[in-house]
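Inspection log for the structure reproduced underneath, given as structure tokens.
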Amino acid sequence: MSIDPAARRHLSLVEALRRQPPGAPVPSPCVGVCRMDESSGLCAGCWRTLDEIAIWGRSDDTARRRIWQAVEARQSAALR
């Protein structure tokens, strides 16, 4: 099953950080819709790969920001 990119929730690191208290770790892009899209190999909710999801918990903020950059790039590319 393929998920329509336009129907997916738009995720933004800036918005996620805005909801965090100062000094908190970079928040996960998870939105609780944990379902892999067969055609893209990405989570239908957070736009991450299985590998990105698996390493999130042990990643530092630098790595988490790189994952967020990939998430935002995927969203932009899918909506073009």
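Values as computed for the structure displayed
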read-out: Least to most buried among Glu52, Glu72, Glu38 (fewest other Cβ within 10 Å first); value: Glu38, Glu72, Glu52
read-out: Distant-in-sequence amide H partners of Met36 (H built 1.01 Å from N, under 5 Å); value: Ala44
read-out: Relative contact order (%) - segment 33-80, alpha-carbon pairs under 8 angstrom, separation at least six; value: 25
read-out: Extreme residue, positive dipole direction of the chain, given options Ala78, Ala54, Pro25 (C-beta unit charges); value: Pro25
read-out: Segment 29-78, dipole about Cα centre (Lys/Arg Cβ +1, Asp/Glu Cβ -1), debye to the nearest 20; value: 100
read-out: Taking Val14, Val71 and counting other C-beta atoms within 10 Å, the order from fewest to most; value: Val14, Val71
read-out: Of every Cα-Cα pair in the chain, the percent that sits beyond 21 Å; value: 24
read-out: Estimated 222 nm signal from helices in the chain, with DSSP H stretches of n ≥ 4 weighted -39500 (n - 2.57), rounded to 500; value: -11000 deg cm²/dmol
read-out: Per principal axis, descending, Cα span of segment 33-80 in whole Å; value: 29, 21, 14
read-out: Angle in degrees between helix 61-78 and the longest Cα principal axis of the chain, rounded to the nearest 10; value: 30
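Rule-based calculations on the coordinates, nothing more; no lab input. Computed from a prediction, not measured in an experiment: that's the story for all the values here. Quick reminder, even Gly has a Cβ in these numbers, built from the backbone with ideal geometry, and neighbours come from all protein chains shown.
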